[in-house]
Amino acid sequence: MNQFYAYALAVLVGYTLGALPTAWLIGRFYGVDVLAGGSGNMGATNVGRLIGRRAAVLVATIDLGKGALAAWLVRLIFPALPE
């Protein structure tokens, strides 16, 4: 496959996984609107302020996992890509 298409797919996979609003989903699970409280930012720090440390660690872990998953999937699909 052309290297351009491989990189385009990598960007698409990374963007799609990154677009999943983890903090918002965790906030909804706990019944809290993270956009309305605290700093209004969708991130682990704001989740920690509003819900607690465990929820913040969960959000941060899932967000880190999404990035690692995107990199792993691209490497799995295109093993010949230069690092």
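Nonpolar atom fraction for the chain, defined as the carbon and sulfur part of the 1.4 Å probe accessible area, stands at 66 percent. Amide H contacts under 5 Å for Gly43: none, restricted to partners 5 or more places along the chain or on a different chain, H placed in the peptide plane at 1.01 Å from N.
Using the Cβ-Cβ distance between Ala80 and Arg54 with R0 = 30 Å, the FRET efficiency computed as 1/(1 + (r/R0)^6) comes to roughly 0.15. Each residue of region 35-47 was assigned a 3J(HN,Hα) from its phi angle through the Karplus expression (A = 6.51, B = -1.76, C = 1.60, θ = phi - 60°), giving 6, 8, x, x, 7, x, 8, 8, x, 5, 5, 5, 4 Hz with x at Gly and Pro. The modelled label-to-label distance for the pair Tyr7/Ala71, using points 7 Å beyond Cα in the direction of Cβ, is 1.8 nm. Against the chain, whose longest principal axis comes from its Cα atoms, helix 53-77 is set at around 10 degrees.
Calculated accessible area for region 1-63 comes out at 68 Å² per residue, all protein chains present (probe 1.4 Å; ligands, DNA, RNA ignored). Per residue, the convex hull spanned by the Cα atoms of the chain amounts to 94 cubic angstrom.
The values are calculated or read from the model by the stated rules, or taken from the named source; none is laboratory data. Please read all numbers here as calculations on a predicted model, not as lab measurements. FYI the Cβ positions are ideal-geometry reconstructions off the backbone, even for glycines, and counts take in every protein chain you see. The accessibility values were calculated without ligands, DNA or RNA, using every heavy atom of the protein model including side chains. Shrake-Rupley method; radii C 1.70, N 1.55, O 1.52, S 1.80 Å.
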